[in-house]
Amino acid sequence: MRIDVNAFVGAYPYRRVPGTSPDGLLRAMTRAAIDEAWVSHLPSLFWRQPMEGNAWLYETVAHEPRLKPVPALHPGVSGWERALGEAADRGAPAGRCDPMYYGLDPAGPDMRVLAAACGAAKLPLMMAVRLEDARQRHPNDTAAELPAAAVRALIRSDEDLRLLITHADRGFIEEVHFGSTPDEAARLWWDVSWIWGPPEDHLALLLGTIGLDRFVFGTGQPLRIPEASMAKLDLLELEPQQRAGIESENARAGLLR
Amino acid sequence: MLIDVHAHFYHAAAPRADWRERNASRLAAGRKIGVTIHVASILGSWGRTSPIYFPSPPDVEAGNTALLALQREQPDVIRGYVTVNPNYTSHARAEIARCLGAGMVGVKLAASRRATDPLLDPICELAREHGVPVLHHVWQHRRRDWPGQEASDGAELSALAARHPRVRFILAHIGGGGDWEHSLAAVRATPNVYVDLSGSGVDGGMLEACLAGAGVERLLWGTDLTMDTGWAKLRYLERLLPPGELELVQWKNAARIFPRGAFPAD
């Protein structure tokens, strides 16, 4: 069983990306032997009202059991509590908020209220550090990357909050993990999509220093080809049980409870 | 056969305490991936005693010497690019003669001087005389100067390649960050520029764009600092290309542009 916790459907505004339709995503999942994907609606990340993409997302995944919805939650827009309740009712594995794209203070009052509400609803909150390499972004794509300090602040702000952070690199992960108490760090999960493999071996290092149970399989597809996350795992020396932890069991045990 | 046209190794004079582990990790990952030959460079002291992209002549020499030693230790799997700093013309030319004479197979130009600068001409002239390719560090669409390097972009490399039509240039790490669409458009009509697929970027659509922009006969497989992403791109291409075309990217294009005899099957 392989779960991709970090996938998107829908067009990207800053460059042409193939395979953004639900069918395209499913084809890529089949190619990469991914059984299930947690899917966000990519266009609405850039909308003033991101939650308006949620209805389409729910409708789309309703036809395909391999896709699970990760609806948008914008705590600065009226109706977010209803969107959060709907996400919990529909069994969404997580809700997502991208404060840097929404124009929100990433650790400000709105985000802290959202963090508390997600904690109370037992709904993990997903946040992306970035979508693309900063060096290649479109000149008009000026949203800053999610700061590590904001993740530390949010995980400290509510003791029931669980955070799933995607597209983080080694430095970011280490800064947050070792800047948190063990109890706080135990409520943080990291996808492997942006962590380097050999010869730098950042992923192998982090599995040793931070612990294998904190990592989940994610790809960032279709903005990134899913083969990259597969290759990272194939280059590690993992026991089958360890690999299963990253590929599905950590997400199931930690985020789907 | 699989040739990595963009590899690096470290050495004792580099600032990293883990340089042996990183070298060993590259070779171990290469065995898993199936890399036959790592064509590598060492950029001076990697910043320890002079900047990575502006290496001093002594550091250039020490790095090249360390790479020659690695090549001697692992003759079946390692080949070298001579790294030079074109601001020191005489030294650069002497290094090229020394290292090609000792078995290196290409020239590495990092970012010590813009590709459009005439100071690169004597380097390229030597590359032509020896029949070796020039791997040129490229910033994919350089909109400004970046600290620590005098980087060139695809358009600037194309200008250099147009001045030296008989030299084969390798545009470094199309996936190394930056606007790869700009680079592909810039080199599209420059037949002596080959595109190396290395870099940490694994953007959806990038490989299709490389095939459309440069054509399968001008693509070279490589890894640079992330072998996982290199392997990912190779796996993707295995689904995208028929076996004959895949072989071009895996090694046949490289075998064509490096000197005859550089690789085992040559």
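A short reminder: the numbers here are calculations on the coordinates, not readings from a lab. Quantities reported herein were computed from a predicted structural model and do not represent experimental measurements. Every residue, glycine as well, gets a Cβ built from its backbone with ideal geometry; the counts of neighbours run over all protein chains shown.
How much FRET efficiency would the formula 1/(1 + (r/R0)^6) give for residue A:185 and residue B:21, where r is the Cβ-Cβ distance and R0 is 22 Å, rounded to 0.05?
Working: r = 26 Å, r/R0 = 1.20.
Between residue A:185 and residue B:21 the formula returns 0.25.
List the residue ranges in chain B for DSSP H helices whose C-alpha atoms run 15 angstrom or more along the long axis and whose Kyte-Doolittle average is -0.5 or above.
Details: long enough: B:19-33 (21 Å, -1.15); B:57-73 (24 Å, -0.31); B:89-101 (18 Å, -0.11); B:227-240 (20 Å, -0.58).
Both cut-offs are met by B:57-73, B:89-101.
Set the Förster distance to 35 Å, then compute FRET efficiency between residue A:178 and residue A:122 from the Cβ-Cβ distance, nearest 0.05.
0.85
Taking R0 as 30 Å, what's the FRET efficiency between residue B:49 and residue A:135 from their Cβ-Cβ distance, rounded to 0.05? Spell out each step's value before the answer.
Working: r = 27 Å, r/R0 = 0.90.
According to the calculation, E is roughly 0.65.
Put a dot 7 Å past each Cα toward the Cβ at residue B:31 and residue B:238; how far apart are the dots in nm?
Distance between the two pseudo-spin positions: 2.0 nm.
How would you rank B:32, A:232, going from fewest to most other Cβ atoms within 10 Å of each one's own Cβ? All intermediate terms of the calculation are to be shown ahead of the outcome.
Values: B:32 14, A:232 26.
If I rank by nearby Cβ atoms, fewest first, I get B:32, A:232.
Can you check what the net charge comes to around residue A:145, using other residues whose Cβ is under 11 Å from the Cβ of residue A:145 (Lys, Arg +1; Asp, Glu -1)?
-2
How far, in nm, would the chain grow between residue B:116 and residue B:128 when pulled straight, counting 0.36 nm per residue and subtracting the alpha carbon separation?
Contour length minus Cα-Cα distance gives 2.6 nm.
How many angstrom separate the Cα center of the stretch A:6-31 from the Cα center of the stretch B:213-260?
24
Please list 3J(HN,Hα) in residue order for the stretch A:116-129, calculated via the Karplus relation 6.51 cos²θ - 1.76 cosθ + 1.60 where θ = phi - 60°; whole Hz, with x for glycine and proline.
Residue by residue, the stretch A:116-129 yields 5, 5, 5, x, 5, 7, 6, 9, x, 10, 9, 9, 9, 5 Hz.
For the stretch A:43-87 and the stretch B:70-99, compute the distance between their C-alpha centroids and round to whole Å.
56
Can you pull out the chymotrypsin sites (Phe, Trp or Tyr not before Pro) in the stretch A:174-257 that DSSP calls coil and that have at most 15 other Cβ atoms within 10 Å? Walk me through the numbers on the way to the answer.
Values: sites: A:178, A:189, A:190, A:194, A:196, A:215, A:217; in loops: A:178, A:194, A:196, A:217.
For chymotrypsin sites (Phe, Trp or Tyr not before Pro) across the stretch A:174-257 that sit outside H, G, I, E and B with at most 15 neighbouring Cβ atoms in 10 Å, the list reads A:178.
Can you pull the one-decimal nm distance between simple spin-label points at residue A:145 and residue A:14, each 7 Å off the Cα toward Cβ?
1.2
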